[in-house]
Amino acid sequence: MLVCLANDSFVRTFGDIGYITNQLTRQDRIFDINGKIFLQQLTRKPKNINVIIDDLMKIYTGADREEIAEDFAEFVNELEIESFIVSGMTEDEINARMPSFSYSMTDVKTAPRKNFYTSLDSRSTTEFFEEYFRNAPQLFAFQFELTSRCNERCRHCYLPGTRNFHDMETNLVIDILDQLKDTGTVSVTFSGGECLLHKDFIPILKHARENDFSISVLSNLTLLNDEIISALRDTNINLLQTSVYSMNPEEHDYITQLEGSHAKTIKGLERLIAADVPVQISCPTMRKTYESYQGVLEWAYKHGIKGYTDYIMMARTDKSTDNLENRLTLDETESLLKKIINFDIEYRAILDSSYKPALLNPNEHVCGAGVNFMCVSSEGKFYPCAGFQGYPLGNAHEHSVYDAWHNSEALKKLRAVKWKDFPKCMRCEAKPYCSMCMVRNLNETGSIFEVSKHFCDVAFINKKLVEEYRKGKDNHV
C-alpha cells in the first residue's frame, strides 16, 4: 500500500507538536509528539507503508513492529477519511483518487456556508495556538505587496495616492520566500497595488509552490491573460480574491476610476471559474454603491462563490482621511445591514445557529497582526499587516524575517497589547457585533487605542438589527 499527502494538505511541525491543514476542506488537525513523528513520514511523493514502518522502527527503537504498524494504520485511516492524505496500491490509483478543486463539486469551498458549526467539546485550533505560542509567536501567514503600482485608483483605497511607486525586487521576494519556508510559515498572499503588474509574478508564484505554501492572490483581474490563468491553476492556489463594487458598470468604474474595469473584472472572474481556479468576491460598500450590494451577492451566489462586504472603510496609512468621504452614513449603514441580514447566506446562518461569541479574554491578543501574521511592502519594509504601514517593524534589505519577527522592539510592544488595554470594549454590550481593529484606529485617530466613534455607532446598529431579526424569528416559531 502507498500513501501520500493530498495536494491541498500542508504539514508543519512546531516544537513537540505536528500540524496538518487542508486548503480544500478547510479542516486542520493538531497532534502530540507521536502524531508529529507520524506526520513527518508523509510526503507529496507516494511512499510504501512498509518502508514508513521501517523508518519508524529506527525512531522507536525496541518497539513492537506490529504495534507500530497498527498505530500508523489507524493514523492513516483517520487522515484519509478527512481527505488529508490519499492511499492506493499504485501511483495511478492515487492520482485517480486525489481530490482537487472544481466548481462541479458537491461541497465547493468557495461557496457560502449555509450552516454554521462550532465545536463545543474542544478548543479551536486558533485557541490552542494562542496559548501554545503565547510566549514565542509563530509566523503562520505572510503577505507580499509585490508592487505599489496599480492601474486602478479606487476612491476608498487605504494606500495614499501620493506614495512612491516601486516593484519589489524579485530576488528579494525569492529570498523572503526561502526564509519563510525555514520558519514554518503555512500561507503566503500576493497583493499590491496590482500584483499582476509585477513582471515576475508567474516565476514568483511558481517558487512559492516549490516551497510548499498555501497561496492566495489579491487582484483586480483587469490584466488577466491565458498564461496567468494557467499558472494560477497549475500552482493550485488556495484562493484568488477580487473586488466588485456594483453590477452596474458605471458605478463600479466610478469607484476604480478606470473605464472598462468592470467588464474586465467580470470577464476575469468568468474565465477563472471556467478554469476551476477558486475565487471569491469582496464588495466594499460606499455611498455611491451600497444599494448595489445585493446584486453583487446574487451574481456571486449564482456562480457558486462567496461574496462579502466591508462597510466600515479604513483611513489611509499616511493618516489622511479624504477617502472616508465615501464612507456610509449611519442611516446608509443601517440600510445595508438590513440587506446583509436578509441576503447574506453565511451571516444569516450564524444568526440562525446557536452560536454565541466567546467572552473576551482580557489577556488575549486583539488580532493576529504581528502575532501570527506579518507583511512586507514593495519597498521591503516589514509591517504587522498590509494596512499597518504607519507601524514599521524593520526592513528586509537590512533584517531577516527572523530578526524582524523575533527582535523588533516595535513588534514586541504591539504584542504586549491585549484586550485588557481596551476596557471600554471589554464592558461594551455591543462588542459581539463590532469589528474593532487596531490599524483602523491608528490610521483614523492616530492611536491604536483610540476607537473611532463611528465604529461604535455601527456596532450598536448591528446589535439592534440582529436582535430584531432573532426576535422576529422566535415569534414565527
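Observations on the structure shown:
- Criterion violated by Tyr103 - all others in (1) open to solvent by less than 80 Å² (accessible area, probe 1.4 Å); (2) over 29 Å from the mean Cα position of the chain (by Cα); (3) at pLDDT below 95 satisfied: (2)
- Condition met for Leu56 (assigned to a helix (DSSP H, G or I), modelled with pLDDT of 90 or more, open to solvent by less than 60 Å² (accessible area, probe 1.4 Å) and not polar (S, T, N, Q)): yes
- Restricted to region 25-53, and to residues there that are open to solvent by 60 Å² or more (accessible area, probe 1.4 Å) and part of a helix (DSSP H, G or I), the residue that is nearest to Thr125 (Cα to Cα) is Ile33.
- Boolean, Met1 is over 28 Å from Leu240 (Cβ atoms), open to solvent by 40 Å² or more (accessible area, probe 1.4 Å), in contact (Cβ under 8 Å) with a residue 24 or more places away in the chain and touching a helix residue (DSSP H, G or I) at 6+ places or on another chain (Cβ under 7 Å): yes
- Pairing each residue of region 336-354 that is open to solvent by less than 50 Å² (accessible area, probe 1.4 Å) with any residue that is charged (D, E, K, R), provided the two are 6+ apart or on different chains, yields C-beta distances under 7 Å for Ile341/Arg348; Ile345/Lys114; Glu346/Arg113; Ala349/Arg113; Ala349/Lys114; Leu351/Arg470.
- Some residue of region 148-163 being buried (at least 20 other Cβ atoms within 10 Å of the Cβ), part of a strand (DSSP E or B), touching a residue at least 60 places away in the same chain (Cβ under 8 Å) and touching a Phe, Trp or Tyr at 6+ places or on another chain (Cβ under 7 Å): no
- Matching residues, region 210-226, being in a helix (DSSP H, G or I) and farther than 14 Å from Val277 by Cβ: Glu210
- Listed by first and then second residue, the pairs with beta-carbon distance under 7 Å, at least 6 apart or on different chains, first residue in region 278-292 and over 16 Å from Gln241 (Cβ atoms), second acidic (Asp, Glu), are Arg287/Glu332; Lys288/Glu251; Thr289/Glu251; Tyr290/Glu332; Ser292/Glu251.
- Considering region 394-428, the residues that are over 28 Å from Ala459 (Cα atoms) and in contact with a Lys or Arg (Cβ under 8 Å, 6 or more places away or on another chain) include one that is surrounded by the fewest Cβ atoms within 10 Å (Cβ to Cβ), namely Asn395.
- Test: Ala136 is small (Gly, Ala, Ser), open to solvent by 50 Å² or more (accessible area, probe 1.4 Å) and either part of a helix (DSSP H, G or I) or on the phi > 0 side of the Ramachandran plot (or both): no
To keep it simple, each residue is scored yes or no on (1) in a helix (DSSP H, G or I); (2) free of Cβ contacts under 8 Å to residues at least 24 places away in the same chain.
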{"position": "Leu297", "(1), (2)": "yes, no"}
{"position": "Tyr301", "(1), (2)": "yes, no"}
{"position": "Ile305", "(1), (2)": "no, no"}
{"position": "Ala315", "(1), (2)": "no, no"}
{"position": "Lys319", "(1), (2)": "no, no"}
{"position": "Asn323", "(1), (2)": "yes, no"}
{"position": "Leu328", "(1), (2)": "no, no"}
{"position": "Asp331", "(1), (2)": "yes, yes"}
{"position": "Glu334", "(1), (2)": "yes, no"}
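- Filter pass, Glu91 being open to solvent by 70 Å² or more (accessible area, probe 1.4 Å) and more than 33 Å from the chain's Cα centre (by Cα): no
- Asn361 being within 26 Å of Asp457 (Cβ to Cβ), touching a Cys at 6+ places or on another chain (Cβ under 7 Å) and among the polar types (S, T, N, Q): no
- Pairs meeting the criteria (first residue in region 430-441 and surrounded by fewer than 18 Cβ atoms within 10 Å (Cβ to Cβ), second residue at pLDDT below 95 and among the acidic types (Asp, Glu), beta carbons under 9 Å, at least 6 apart or on different chains) are Ser435/Asp310.
- Val76 over 26 Å from the mean Cα position of the chain (by Cα), buried (at least 18 other Cβ atoms within 10 Å of the Cβ) and closer than 12 Å to Leu5 by Cα: yes
- All of Leu180, Leu240 fail the test of being buried (at least 19 other Cβ atoms within 10 Å of the Cβ) and outside any helix (DSSP H, G or I), apart from Leu240.
- Of all residues in region 248-260, those satisfying the criterion of being over 23 Å from Lys339 (Cα atoms) and open to solvent by 60 Å² or more (accessible area, probe 1.4 Å) are Gln257, Glu259.
- Sole residue being out of contact with any helix residue (DSSP H, G or I) (no Cβ under 9 Å at 6 or more places or on another chain) and within 17 Å of Cys157 (Cβ to Cβ), chosen from Leu221, Leu258, Leu197: Leu197
- One residue stands out among those in region 303-329 that are over 24 Å from the mean Cα position of the chain (by Cα) and over 12 Å from Tyr290 (Cα atoms): the one that is surrounded by the most Cβ atoms within 10 Å (Cβ to Cβ), which is Asn323.
- Hey, Glu379 more than 30 Å from Leu328 (Cβ to Cβ), open to solvent by 20 Å² or more (accessible area, probe 1.4 Å), in contact (Cβ under 8 Å) with a residue 40 or more places away in the chain and in a loop (DSSP other than H, G, I, E, B) or not: yes
- Considering residues of region 261-294 that are open to solvent by less than 30 Å² (accessible area, probe 1.4 Å) and among the small types (Gly, Ala, Ser) only, the residue nearest to Cys157 (Cα to Cα): Ser282
The values are calculated or read from the model by the stated rules, or taken from the named source; none is laboratory data. None of the values given here were measured: they were computed from a predicted structure. Cβ: placed from backbone, ideal geometry, glycine included. Neighbour counts: every protein chain shown. Areas reflect the complete protein model, heavy atoms only, side chains present, ligands, DNA and RNA absent. Shrake-Rupley method; radii C 1.70, N 1.55, O 1.52, S 1.80 Å.
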